[in-house]
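Scroll down for the structure; my scribbles are underneath it.
Read-outs throughout are calculated quantities, based only on the coordinates presented, and are distinct from any laboratory measurement. Please read these numbers as outputs of a predicted model, since none were measured by experiment. Note that each Cβ is placed from the backbone with ideal geometry, even for glycine, and that neighbours are counted across all protein chains shown.
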Amino acid sequence: MNMDERLEALTHSVELIAAMQLKTEKEIKRLARYVRVIVVDHEQRLAALEGGDEEE
């Protein structure tokens, strides 16, 4: 394998890693949105339970 082939292989590897990183970042953002929805739902349920105790 000559130097040009090595550089081409390295360039290809870096491009693949960059694409994988972008995909991973998108997936993390998507999961973070789900977590926020779950947290908000949980907080609303707790507030409803706490509010139910105050009515007595």
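Once you order the gyration tensor axes a ≥ b ≥ c over the Cα atoms, which shape class does the chain get: rounded for a/c under 1.5, otherwise prolate or oblate by comparing a/b with b/c? Judged from the Cα gyration tensor, the chain comes out prolate (a/c at least 1.5, a/b above b/c). Simple rule: put +1 on each Lys or Arg Cβ and -1 on each Asp or Glu Cβ in the chain, find the dipole, and look at 2, 12, 49; the Cα lying farthest toward the positive end is 2.
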